[in-house]
Amino acid sequence: MSFLNVQNVSCRYGNRCVIRHLSMTLEKGEIGCLLGRSGCGKSTLLRAIAGFEPLRDGTITLGDRLLSHRTHLVPPHKRQIGLVFQDYALFPHLTVAANVSFGLRHLPRNQRKARTAEVLRLVRMEGMEERYPHEISGGQQQRVAVARALAPRPMLLLLDEPFSNLDPCLRVDLALEVREILKKQDITALMVTHDQGEAFAVADRVGVLDGGELAQWDEPTRLFLDPATRTVAEFVGVSSFLPGHLISSKAAATSLGVLPIRRQSTSPAGEGVDILLRPPDLVQDPAGPVSAVVVRSVLSAAGSMYLVELDSGDRLYAVSPERFPRPAGSRVRLRLEPPPPGGWPAYGTDGHDRETCPFDPTIAKNKEFPVAV
Ligand SMILES: Nc1ncnc2c1ncn2[C@@H]1O[C@H](COP(=O)(O)OP(=O)(O)OP(=O)(O)O)[C@@H](O)[C@H]1O
């Protein structure tokens, strides 16, 4: 049995079901992360685990303790769960040390002092014990909030968008630092974020929530390389979809030729499929067999990326080894890299607009060739 077990959980607000039959687990010491669009139910799930939301259905257990089911709710303060919020939620009238020791009031004074000093050392805030929250930076405040949550030695730490108020440059750095702290202490944690860079930096397991359902709960690499649904594929990394027609259960005819695929849908031969290609799958190469026109280009720290239009009219993302991107309208040649083991991920086309391949630089910035393949 896993350490944290969320089994078949459903939550409602009034008549509206916002979490539907959701199951996920975390082993002791694992860090999980929930991603998903605004309003998909991430915070509700976190609140249910913390004990602030009753369950309509299902169970939540931590260690060997049943925390929630339909008719049983252990109150939040008896769950041994630490919470870290987006807005730090430090007491403004208390010093850093007093904020951290607040949850240790049950301990004798000397033990309280020792534990406070220990966790402040852990988050590299020693020397700032007597400062007030307004006298330290946002990143430092969030470190104090982590120290405060860790001080009572919780069984589980829940973090709700803990870095989203911070400067984007600081976010991944602090996320990595927090991961190190949690790993050192063997703390099991579940974090909610909008930022996949953060999720991939921190988590051992990442889940994508889609309309209250967990579309996939998996290791980050698998989530990226083998998304269970088209929504997951779109949400994680930069994706383009090449339309094709099944010629067998393992191959589809496309404008780039016959490609080996692994299908996530059960469409019969002859049906349309959309094949997931990541930008690094299509590479600018003067000797490449594919001709295309640059629709847009963007220069990032990782190199140039293009949205290209093939002669077939299909629009795909591609990467370029060139230092300076070619302007829109340039003709380029491309090669398709070898398929991943088992073939390219492919999805049924029902209900999806094949022509859409939106290019949004702000999305691309967050997702820029993000996850090392
Ligand atoms: N107390 C509440 N009463 C009624 N509806 C609520 C309540 N809290 C949240 N909701 C609704 O439930 C749905 C899920 O909300 P939730 O806050 O869990 O989403 P989220 O994925 O965390 O969103 P965000 O990323 O914007 O914080 C949303 O449609 C929201 O409007």
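Just so it is clear, none of the values below were taken in a lab; they were calculated from the coordinates. As the structure is a computational prediction, the values presented were derived from the model and not from experiment. Every residue, glycine as well, gets a Cβ built from its backbone with ideal geometry; the counts of neighbours run over all protein chains shown.
Numerical summary
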item: Gyration tensor verdict on the stretch 70-150 (Cα atoms; rounded if a/c is under 1.5, prolate if a/b is larger than b/c, oblate otherwise); result: oblate
item: Pairs beyond 28 Å (Cα-Cα), from 28/250; 113/184; 42/250; result: 28/250; 42/250
item: Computed lengthening from residue 7 to residue 309, 0.36 nm per intervening residue step minus Cα-Cα distance; result: 104.2 nm
item: Mean-position separation - Cα centroids, the stretch 33-97 and the stretch 214-241, in angstrom; result: 26
item: Additional length obtainable on full extension of the chain from residue 117 to residue 221, 0.36 nm per residue less Cα span; result: 33.7 nm
item: Added length on full extension, which subtracts the Cα-Cα distance from 0.36 nm per residue, residue 295 to residue 80; result: 72.0 nm
item: Label-point separation in nm, residue 66 to residue 21, each point 7 Å along Cα→Cβ; result: 2.2
item: For the stretch 25-163, share of DSSP beta bridges that run antiparallel, in % to the nearest 5; result: 60
item: Global geometry of the stretch 1-90, whether rounded, prolate or oblate, following the gyration tensor of its Cα atoms and the 1.5 cut on a/c; result: rounded
item: For the stretch 290-295, 3J(HN,Hα) per residue [Karplus equation, 6.51 cos²θ - 1.76 cosθ + 1.60, θ = phi - 60°, Hz, x = Gly/Pro]; result: 9, 9, 7, 10, 6, 8
item: Cut-off under 5 Å, modelled amide H: who pairs with residue 344 long-range; result: 261, 262
item: Intensity falloff of the stretch 4-225 expressed as log10 I(q)/I(0), Debye formula with alpha-carbon point scatterers, at q = 0.10, 0.11, 0.16 Å⁻¹; result: -0.44, -0.53, -1.09
item: Cα shape, the stretch 140-209, gyration tensor, a/c 1.5 rule; result: oblate
item: Relative packing of 197-203, 121-127, which averages over residues the other C-beta atoms within 10 Å, highest first; result: 197-203, 121-127
item: Lys/Arg +1, Asp/Glu -1 at C-beta; the stretch 173-286 dipole; positive extreme among 286, 223, 258; result: 258
item: Among 294, 258, 206, residue whose mean-square fluctuation peaks in a GNM of the chain (springs only between Cα atoms under 10 Å); result: 258
